[in-house]
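Asker: Please read through the structure below; I'll follow up with questions.
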Amino acid sequence: MSGWQQHLIIAPIVIPLIAGALLLFFDERQRVVKAMISVVSTLALAAVAINLFRLANGSGEAFDGVYLLGNWPAPFGIVLVVDRLSALMLVLAAILAIPALVYALARWHAAGAHFHSLFQFLLMGLNGAFLTGDLFNLFVFFEVMLAASYGLLMHGSGPMRVKAGLQYIAVNLAAALCFLIGVSAIYGSAGTLNMADLALRIGEIEGERRMLLEAGAAILGVVFLIKAGMWPLNFWLPGAYSAAVAPVAGIFAIMSKVGIYVILRLSLLVFGQGESAGLGLNVLLYGGMATIAFGTIGVLASQALGRLASYSVLVSSGTLLAVLGLSNGEVTAGALFYMVSSTLTIGAFFMLIELVERGQDAGASVLAVTMEAYGDADEEEQEVEIGVTMPGTIAVLGTCFAACGILLSGLPPLSGFVAKFAMLTGMIGTGAAADQPVSASVWWIVALLILSGLAALISMTRAGIRTFWASMEGTVPRVLVMEMAPVMLLIALTLTLTIKAGPAMHYMEETVRNLQQPGTYINAVINARRAGVAEASGPDGGGGI
């Protein structure tokens, strides 16, 4: 493998780091320059992520996927690792970041200071969390991501954002403290924080040391479940996500998936076998089902579209957690497909909500002024407009809204249906073992998936009727092309995911298969070749992922 390809592994961290730092030197009045730097950085990041995805997928030259910072060997140095799962998350984050940034350029990037720097540092933290191979640097990137999200959540000011932001900060600071406690307990019992080395040593740890290790892992699990939004640790999420401005809420759609990613990574790499195998799976299973139920009730009860989208995030997280608790490879592959589809859908929905509600607010203001100035005499003149053809803006907004409703409810033919069908098939269809009955837990998950889809359909239909049909006094909102295009792009990506469902599912299945064989990951990290001393690694060095 050529040297420039090897250095691509650190590029998703370095690119937003340099761009975010460079943007701090420009005054806020130089918005055009700052926007150009941010856009170029995000596009470069997407190009790198796609290239890493191609290399991790086995295209072209052999790719070992391990980067040794400072040329220190594992487990003593910092290690970055790219495999199928981390490459998938990098691409998902980059693809979601581009529409969110373009949407923000229409108005929101000028609503407060340092938006672009915070946005780039958020991407740096996300990418670092997906790439890191040890728990301490996972904490570092986790904190970088959270610090940037604090500023982005309160971007645009307003009492609601400040209130939600303070609650969000308090919860995540407590989670950060628990993170340090959990990491300390693991290091005290195992003597390492490198994930691959920890997976090797865990079989040798016994007695009180194992109890300390499992206690530390449990504390870490609580941290990631808070981030993933599992009930009852998710009280902060609906208020925070619904209060954020549209592009920030759109990129936040992937932040809850960081917790899902880490749980999936550690459960199969470190706790996939041995005496601690299956640690916490029951918590994921039953906690995930409770989260689906809680999110479903929230979706049905939500009158505001922002709250509806926030509770849809909880339904998505609960589905993923419950499926991971089943520890079934075929179902997990369907869950990865569902994660991609739901993240793109919710990101698009958050941005679409502002455009839809903008028209409602304008309509209410116009109605109030008209009735005060002219009384009821003009009502007959307004009624003449009822038969006018639907404006193009309303038609596009309505189509995108309907597509989001179909995707969230899991109706055919879009990718939401494909994802749920893949999971249900793995649980009760052809993927179920013929000689084993389907467990009661599986039937509960199936019922909750169907009910959550029905709840999303009812709520989206109700909201659509209220927004597009029943609002006779509404006016056409002023929507810019650069605001509508990102929403349409994300929905188009879900359509592409539907058309390419076969290759996409094959990739997810290969990803899960690799995760279930942790020896490949461990050998690649432990035997990674140091620059200039490749011959010293011996014949077993440099195993690919």
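Asker: Determine whether the stretch 271-288 contains at least one residue that is within 30 Å of Lys500 (Cα to Cα), modelled with pLDDT under 90 and of a type in the set (Asp, Glu).
Answerer: no
Asker: While we're looking at this one, here's another question. Spot the failing condition for Leu69; the list is (1) open to solvent by 10 Å² or more (accessible area, probe 1.4 Å); (2) within 26 Å of Arg530 (Cα to Cα); (3) touching a Phe, Trp or Tyr at 6+ places or on another chain (Cβ under 7 Å), and only one is missed.
Answerer: For Leu69, the failing item is (3).
Asker: Same structure again: Quick one: count up the residues across the stretch 225-237 that are part of a helix (DSSP H, G or I) and either surrounded by 23 or more Cβ atoms within 10 Å (Cβ to Cβ) or free of Cβ contacts under 8 Å to residues at least 12 places away in the same chain (or both).
Answerer: 4
Asker: Kindly indicate the residue of the stretch 166-205 that is of a type in the set (D, E, K, R) and surrounded by fewer than 20 Cβ atoms within 10 Å (Cβ to Cβ) and also modelled with the lowest pLDDT among those meeting that condition.
Answerer: The selected residue is Glu204.
Asker: For the stretch 151-165, give me the residue count where each residue is crowded, with 16+ Cβ neighbours inside 10 Å and either in contact with a Phe, Trp or Tyr (Cβ under 7 Å, 6 or more places away or on another chain) or part of a helix (DSSP H, G or I) (or both).
Answerer: Of the residues in the stretch 151-165, 8 are crowded, with 16+ Cβ neighbours inside 10 Å and either in contact with a Phe, Trp or Tyr (Cβ under 7 Å, 6 or more places away or on another chain) or part of a helix (DSSP H, G or I) (or both).
Asker: Are any residues in the stretch 242-263 of a type outside the set (Val, Ile, Thr), assigned to a helix (DSSP H, G or I) and within 13 Å of the chain's Cα centre (by Cα), and if so, which ones?
Answerer: Hits for the stretch 242-263 are Ala249, Gly250, Phe252, Ser256, Lys257, Gly259, Tyr261.
Asker: Has the stretch 443-465 got any residue that is farther than 26 Å from Tyr338 by Cβ, open to solvent by 30 Å² or more (accessible area, probe 1.4 Å) and either of a type in the set (Phe, Trp, Tyr) or at pLDDT 60 or above (or both)?
Answerer: Yes, there is a match, as at least one residue in the stretch 443-465 is farther than 26 Å from Tyr338 by Cβ, open to solvent by 30 Å² or more (accessible area, probe 1.4 Å) and either of a type in the set (Phe, Trp, Tyr) or at pLDDT 60 or above (or both).
Asker: Turning to a different aspect of this structure: Test Ala21 against the stated conditions and say whether it is touching a residue at least 40 places away in the same chain (Cβ under 8 Å) and under 19 Å from the mean Cα position of the chain (by Cα).
Answerer: On the way: touching a residue at least 40 places away in the same chain (Cβ under 8 Å): yes; under 19 Å from the mean Cα position of the chain (by Cα): no.
Judged against the criteria, Ala21 is not a match.
Asker: Just the residues that are at pLDDT 90 or above, open to solvent by 30 Å² or more (accessible area, probe 1.4 Å) and aliphatic (A, V, I, L, M), please, taken from the stretch 106-150.
Answerer: Those that are at pLDDT 90 or above, open to solvent by 30 Å² or more (accessible area, probe 1.4 Å) and aliphatic (A, V, I, L, M): Leu118, Val140, Val144, Ala147.
The values are calculated or read from the model by the stated rules, or taken from the named source; none is laboratory data. Just so you know, these numbers come straight off a predicted model, no measurement behind them. Quick reminder, even Gly has a Cβ in these numbers, built from the backbone with ideal geometry, and neighbours come from all protein chains shown. Protein only, heavy atoms only, side chains kept; ligands, DNA and RNA dropped before computing areas. Shrake-Rupley method; radii C 1.70, N 1.55, O 1.52, S 1.80 Å.
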